[in-house]
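Beneath this line is the structure, given in structure tokens, with notes to follow.
Each reported figure results from applying straightforward, stated rules to the coordinates on display, with no laboratory input. Here the structure is a predicted model, which is why all the values come from computation and not from measurement. Note: ideal-geometry Cβ built from the backbone for every residue, glycine included; neighbour counts use all protein chains shown.
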């Protein structure tokens, strides 16, 4: 296998889940540390103002796994953040981009779309998120609909 | 029931092949997918429609193109509902067996 070129950032994933809840609750579940830790085992910490930093902190140990900036925010419908391993935070090329689009439907179900883009094909982050997002999103759905996440 | 749609969508080898193709290269157009499938464009469109209805494929418009993405979230839900549960039982049995054996140990 060839080493992936760091210049190629063409990989993109789009994850969709339908949750019986409100847009406000989904937005809150993504941005409030005391809620994120209940289904993600991590806390998303920030003041969530455009331009502010955010951190993805392991609840059990306080270790910071991911860092980034808030690129765009429009509660409770849209949140866009940059995303990199904490160990690579000085490397601008290590940042990918995550958008959360929260669309409520008239039937009381919210369509949550997570788009993760600017990823290096074959890179470690891509491998990590390919495993991670489906698990996190099904845990989020389970948490919002039943009050408990899925074991991680 | 959402699970029904997922199982029905997975019951067809052509649709599983489409998911495999998207797993290899995510974000393909209908034309790209058709090039790897031995069936008419119309059939591929129908299969993609069922996959989309089951939320196993999501689509995004990029200019004039429509890109298809594999969405594994419902698979995880099915996994937790139908597989993890049984795995848990099996682990429980092993745990009981270990306790029983250790109790009998001299």
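Residue A:127 meets all of the listed conditions (1) surrounded by 19 or more Cβ atoms within 10 Å (Cβ to Cβ); (2) more than 11 Å from chain B (Cβ to nearest Cβ); (3) without any contact (Cβ under 8 Å) to a residue 24 or more places away in the chain but one, namely (1). Among the conditions (1) within 20 Å of residue A:129 (Cα to Cα); (2) touching a helix residue (DSSP H, G or I) at 6+ places or on another chain (Cβ under 8 Å), residue A:93 misses just one, which is (2). When the range A:131-152 is filtered for residues that are out of contact with any helix residue (DSSP H, G or I) (no Cβ under 9 Å at 6 or more places or on another chain) and touching a residue at least 24 places away in the same chain (Cβ under 8 Å), only A:145 remains. Considering only residues that are closer than 26 Å to residue A:64 by Cα, surrounded by fewer than 16 Cβ atoms within 10 Å (Cβ to Cβ) and touching a residue at least 40 places away in the same chain (Cβ under 8 Å), which ones fall in the range A:77-114? A:93 - this is the single residue of the range A:77-114 that is closer than 26 Å to residue A:64 by Cα, surrounded by fewer than 16 Cβ atoms within 10 Å (Cβ to Cβ) and touching a residue at least 40 places away in the same chain (Cβ under 8 Å). When restricted to residues that are touching a helix residue (DSSP H, G or I) at 6+ places or on another chain (Cβ under 9 Å), assigned to a helix (DSSP H, G or I) and either free of Cβ contacts under 8 Å to residues at least 12 places away in the same chain or exposed (fewer than 14 other Cβ atoms within 10 Å of the Cβ) (or both), the range B:24-40 contains 3.
Out of curiosity, is residue B:50 within 25 Å of residue A:20 (Cα to Cα) and not in a loop (DSSP other than H, G, I, E, B)? Spelling it out, residue B:50 is indeed within 25 Å of residue A:20 (Cα to Cα) and not in a loop (DSSP other than H, G, I, E, B).
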